[in-house]
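> Encoded as structure tokens, here's the structure I'll be asking about.
Rule-based calculations on the coordinates, nothing more; no lab input. In this text, all values refer to a predicted model and were calculated from it rather than measured experimentally. Cβ placement follows ideal geometry from the backbone for every residue including glycine, while neighbour counts extend to all protein chains displayed.
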Amino acid sequence: MGDAWAARRRGWRPGRAPAVRLAILVAVVQVIGTTVTARHQPAARELHFWGYLLLLAGPVALLLRRRYRVAVAAVAIGVTVAYLLFGYPYGPVLFAPAVAMIGALRAGWRVPVWVLAGVAYLLCVGLGRVPGVHLRYLRFGEAVAALVTLGAVLLVGEVARTHARYMAELRRTRDEQARTRAEQQRRQASEERLRIARELHDVLGHHLSLISVQAGVGLHLMDEQPEQARTALLAIKQASAEALREVRSVLGVLRAEDEQAPRSPAPSLANLAALTDDAGAQTVIEGEPRELPAELDRAAYRIAQEALTNVRRHAGPAASATVTIGYAADGLTVRVSDDGRGGLPSGDGNGNGIAGMRARALALGGTLAAGPGPAGGFQVEARLPFAGAA
């Protein structure tokens, strides 16, 4: 940490280290390699100060190649062409321009690099042949070798550019997939929170409504009919215990992986008889019962439960209710009707009852209708298709 801070204070950036190492490597190869090969080229110009300066100019320019791709390529190509035209010895002098051109091509600068390479080749081949210009020109064999070498460098650069584009596209695809997965996880978490909220609303609303009704009955009968008050208190005890059990069952989905699974049964129409008995309602089955998808089974139970809760809250103490479960070839019908006052439950206004039931039905591709019943009172009818649950 301290070393990094000290390096920043000196103006050093970590990204400069690879560029410096590359420039030093290219300089060493060009200078030492050309010095060694110059011993076998007696006809070439002696490699003195200006020759070495031209050999080092290209590697020094590579220090800025990440920021100025085309300019660095132009400098490296230009000093190499000058070195060759002045007649200095052959050697690994194309190392610096090759590195610069490959880097520029990889970054996408195709047209400038190809133009610079073409101009440099024409200068090396033809400038020395101009009358009055005393510069070296490439002979036929040298020109062919230079063309092949230049073509190989450009080919490597094009391959590097294609690979860079492929890797960039692969990174973009992976990033997009990661964003998609994160969005899907957020959506699933939101849906799960909404499902838990609905479950808690239905559980607490049903049992607390029952507790409230029985508590009112107990208070009314406490002095005149103590035995009836005792029955109401027993119903309150049972309803509160059942509420706690179902709340624990709903919250069980949030348990840690090493905790035991909840032992209480999931909400299902198989428990409808107990639900209607607690509410004092009748149960009617239409059609041939069949095994239902788990999500549809749970939604049907919760809709019936919430509708019975609304009956107790809004239909009046003397109202009776009937729960009808209709099995059809393409779906399930849940109908809860009462003979009470027929007022609109507060779930359509400030409450969440009818809105929650409708949301459950819509989530399965079904519908829910709530309003006055054909024979008076109030009726809630949900149609849940099997295809939506699948």
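> Antiparallel versus total DSSP beta bridges in segment 265-390: what percent is that, nearest 5?
On the way: 20 of 26 bridges.
In segment 265-390, approximately 75 percent of DSSP beta bridges are antiparallel ones.
> Also: Please give the contour-minus-distance gain from Tyr90 to Val144: 0.36 nm per residue of separation, less the Cα-Cα distance, rounded to one decimal in nm. Could the numbers behind the result be given before it?
Values: separation 54, 0.36 × 54 = 19.44 nm, distance 1.51 nm.
Length gained between Tyr90 and Val144: 17.9 nm.
> Show me the three semi-axes of the equivalent ellipsoid for segment 27-82, from the C-alpha gyration tensor (sqrt of 5 times each eigenvalue), largest first, rounded to whole Å.
Details: eigenvalues 120, 24, 13 Å².
So the three semi-axes of segment 27-82 are 25, 11, 8 Å.
> How charged is the neighbourhood of Gln177? Take every other residue with its Cβ under 11 Å from the Cβ of Gln177, and add Lys/Arg as +1 and Asp/Glu as -1. Before the final figure, lay out each step's value.
Details: positive: Arg171, Arg172, Arg174, Arg179, Arg181; negative: Asp175, Glu176, Glu183.
Every neighbour counted, the sum reads +2.
> Another question about this same structure. Would you please give the FRET efficiency between Trp114 and Arg179, computed as 1/(1 + (r/R0)^6) with r the Cβ-Cβ distance and R0 = 25 Å, to the nearest 0.05? All intermediate terms of the calculation are to be shown ahead of the outcome.
Details: r = 37 Å, r/R0 = 1.49.
That gives a FRET efficiency of 0.10.
> Out of residues 5 or more away from Gly373 or on other chains, whose amide H comes under 5 Å of its own, with H placed 1.01 Å from N in the peptide plane?
Phe378, Gln379
> Karplus couplings for segment 144-150 from phi (6.51 cos²θ - 1.76 cosθ + 1.60, θ = phi - 60°), rounded to Hz, Gly and Pro as x?
In residue order, the calculated couplings are 5, 4, 5, 5, 5, 5, 5 Hz.
> Then there is this: Using modelled amide H (1.01 Å from N, peptide plane; none on Pro or chain starts), what sits under 5 Å from the amide H of Thr283, excluding residues fewer than 5 places away?
Val323
> Then there's this: Short version: ³J(HN,Hα) in whole Hz for each residue of segment 276-290, in order, from phi by Karplus 6.51 cos²θ - 1.76 cosθ + 1.60 (θ = phi - 60°), x for Gly and Pro, what are they?
With coefficients 6.51, -1.76 and 1.60, one gets 6, 5, 4, 8, x, 10, 9, 10, 10, 10, 10, x, 8, x, 8 Hz.
> Between Leu170 and Arg193, take the C-beta separation as r, use R0 = 30 Å, and let me know the FRET efficiency to the nearest 0.05.
On the way: r = 35 Å, r/R0 = 1.16.
My answer for the efficiency is 0.30.
> Mind ordering 85-97, 279-291, 326-338, 167-179 by average Cβ neighbours within 10 Å, highest first?
Details: 85-97: 21.2, 279-291: 13.2, 326-338: 18.9, 167-179: 10.0.
Per-residue mean Cβ counts within 10 Å order the peptides as 85-97, 326-338, 279-291, 167-179.
> With only alpha-carbon atoms in the gyration tensor, what are the semi-axes of the equivalent ellipsoid for segment 12-138, in Å, largest first?
Values: eigenvalues 133, 74, 19 Å².
Those come to 26, 19, 10 Å.
> Quick one: Karplus J couplings for segment 90-96, per residue in order, coefficients 6.51, -1.76, 1.60, θ = phi - 60°, nearest Hz, x for Gly and Pro?
6, x, x, 7, 8, 4, 4
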